[in-house]
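Down below is the structure, laid out as structure tokens.
The values are calculated or read from the model by the stated rules, or taken from the named source; none is laboratory data. The structure presented is a predicted model; accordingly, all values stated were derived computationally and were not measured. Heads up, the Cβs are rebuilt from the backbone with ideal geometry, glycines too, and the neighbour counts pull from every protein chain shown.
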Amino acid sequence: MAVEGLSVRAFAAALSFCLPLAATCAAQQPEVLGCIGPFGRTANEAALIKAFGQQNVARAEIDVGEGMTEAGTIVYPRDPKRRLQVLWHDSKARSRPASIDIPRGAIWRIDVPGAQPPIRQGMTLAEVEAANGRPFEILGFGWDRGGHAGDWKGGRLAKPDGGCELSLRFDPEPGFLAMEAISGDRPFSSADARMRAVKPVVVEVRLNWP
């Protein structure tokens, strides 16, 4: 993976150098994530350590919902702005990524070929639809998977760099009371006027390897 001319390893080294000047360097070194390099289909925890440094990689039990956890790996565990959470298909060997999560508040972005702007937290429904190039499917709110989007209907976001899958989670703007029409375990189009009316924004970003 390259970041404006930097390899992942060089990018990680630059970020470590930037720690004393975090505010200045953060503006110069945007966080870009893709399913290649240390996050590729056959990657493992050793690749993360090589790319980001032993001090920036930690093993952890990661919350997967409904009170359950799974053994995984966290990149930048002490820095919420740069944290990533990785679950593995082989959790014992910590190899073959199953998912790479960008937790709420982290500043990583996803550059998808042909899609502009890059995908990040805080994007509106309309911005994501524009990046995709067509309407996509989003699940109703108010349950465990509420607000999830991952069926891009053949749009640009169906093909992230490296061949993995992109999924997003939206939350409606706080304060809307009439949520019944867009709640529950059922799909909606991003172009649905009822969905747009609650002004959803991206709050979680995930890359998946099936």
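Of the residues making up segment 159-180, those that are surrounded by 18 or more Cβ atoms within 10 Å (Cβ to Cβ) and among the hydrophobic types (A, V, I, L, M, F, W, C) are Cys164, Leu166, Leu168, Phe170. The set of residues in segment 95-119 being at pLDDT 95 or above, surrounded by fewer than 19 Cβ atoms within 10 Å (Cβ to Cβ) and either in a loop (DSSP other than H, G, I, E, B) or at negative phi (or both) consists of Ser95, Ala98. Looking across segment 128-138 at every residue that is closer than 14 Å to Val202 by Cβ and of a type outside the set (Asp, Glu), the one that is nearest to the chain's Cα centre (by Cα) is identified as Val128.
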